Amino acid sequence: MAIDQVPLSEQAITLEPAQYGAPVRRAEEPLEVSAWIHTRRGHARVDAIALAWTQRAVWIRYVDDYGREGFAWVWASAVTRR
């Protein structure tokens, strides 16, 4: 069963490559995390999976309150392990 994607108008705002920097390290095994995301509707705390990171940011896969999947680069300080 395919999971719906978060519509563009409701997706988390993601950092640009110049913001999150390099090198990008991919997770050997995804890590369960909680993260603060910022959307056009405001801020939300989501349960997520950390897929990659740099010194400054983490690439997460999250599921919103409606069961839709989204991806975003967020600041490392917005992420904590679960």
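Taken together, the values in this text are just the output of simple stated rules run on the coordinates, not laboratory data. In this text the structure is predicted, and so the values were computed from the model without any measurement. A quick note on method: Cβ atoms are made from the backbone with ideal geometry, for glycine too, and the neighbour counts reach across all protein chains shown.
Results, tabulated for the structure shown:
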{"read-out": "Ser34 paired with Ile3, simple spin-label distance in nm, labels 7 Å along Cα-to-beta-carbon", "value": "1.9 nm"}
{"read-out": "More than 19 angstrom apart: percent of Cα pairs within the chain", "value": "32 percent"}
{"read-out": "Loop-resident sites, segment 1-78, for trypsin sites (Lys or Arg not before Pro), counting at most 15 other Cβ within 10 Å (DSSP)", "value": "Arg40, Arg41, Arg56, Arg68"}
{"read-out": "Environment charge at Thr80 (Cβ cut-off 14 Å; Lys +1, Arg +1, Asp -1, Glu -1)", "value": "+1"}
{"read-out": "Rg(Cα)/(2.2 N^0.38 Å) for segment 18-62, N = residue count", "value": "1.20"}
{"read-out": "Nearest-0.05 FRET efficiency for Glu16 and Arg81, computed from C-beta distance (R0 30 Å)", "value": "0.75"}
{"read-out": "Cleavage-rule hits, chymotrypsin sites (Phe, Trp or Tyr not before Pro), segment 39-69, DSSP coil, Cβ neighbours within 10 Å at most 16", "value": "Tyr66"}
